[in-house]
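Only one structure is covered here, and it is reproduced in the block below.
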Amino acid sequence: MASITIENGKVSRIIEGYGFELTEIRMVKGEEYKSYYTVWNKEAKVSLGDIVTVEGDYSAKIDSYTDKTNTPRTKVSVSVNNAEVMLADAPF
């Protein structure tokens, strides 16, 4: 199984009883890009806006959806399973 480490990600959504969504912002050639990850960890005590580091098992799946203009779209949903969450140098 592949593993992933996301450093300094921002908690953007709480999924009560299951985990949270993490946003990673990267600068590539002067442009800002955002990546979104679903982190599955029931024990982590995080709040919206917290900056955390996450390590865990990487998984991805392709999702199809319809956007606001009724156009079919496809995206890759990335999840971090069995996640270890570190906030302010303290693992949860």
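Just so you know, all these numbers are worked out from the coordinates, no wet-lab data involved. Note that the structure is predicted; figures quoted are calculated from it, not measured. So basically every Cβ, Gly included, is an ideal-geometry build from the backbone, and we count neighbours across all protein chains shown.
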Is it true that some residue in the stretch 2-12 is surrounded by fewer than 10 Cβ atoms within 10 Å (Cβ to Cβ), assigned to a strand (DSSP E or B) and hydroxyl-bearing (Ser, Thr, Tyr)?
no
From the options Ala44, Ala83, residue that is small (Gly, Ala, Ser), within 11 Å of the chain's Cα centre (by Cα) and surrounded by 10 or more Cβ atoms within 10 Å (Cβ to Cβ)
Ala83
Return the residues of the stretch 40-76 that are of a type outside the set (D, E, K, R), part of a strand (DSSP E or B) and closer than 16 Å to Glu21 by Cα; say none if nothing qualifies.
Trp40, Ile51, Val52, Thr53, Val54, Gly56, Tyr58, Ser59, Ala60, Val76
I'm trying to understand the selection: among the residues of the stretch 25-80, which are of a type in the set (A, V, I, L, M) and touching an Asp or Glu at 6+ places or on another chain (Cβ under 8 Å)?
Ile25, Val39, Val54, Val76, Val80
Just a yes or no: is a residue in the stretch 13-30 touching a Leu at 6+ places or on another chain (Cβ under 8 Å), closer than 16 Å to Ala83 by Cβ and surrounded by 16 or more Cβ atoms within 10 Å (Cβ to Cβ)?
no
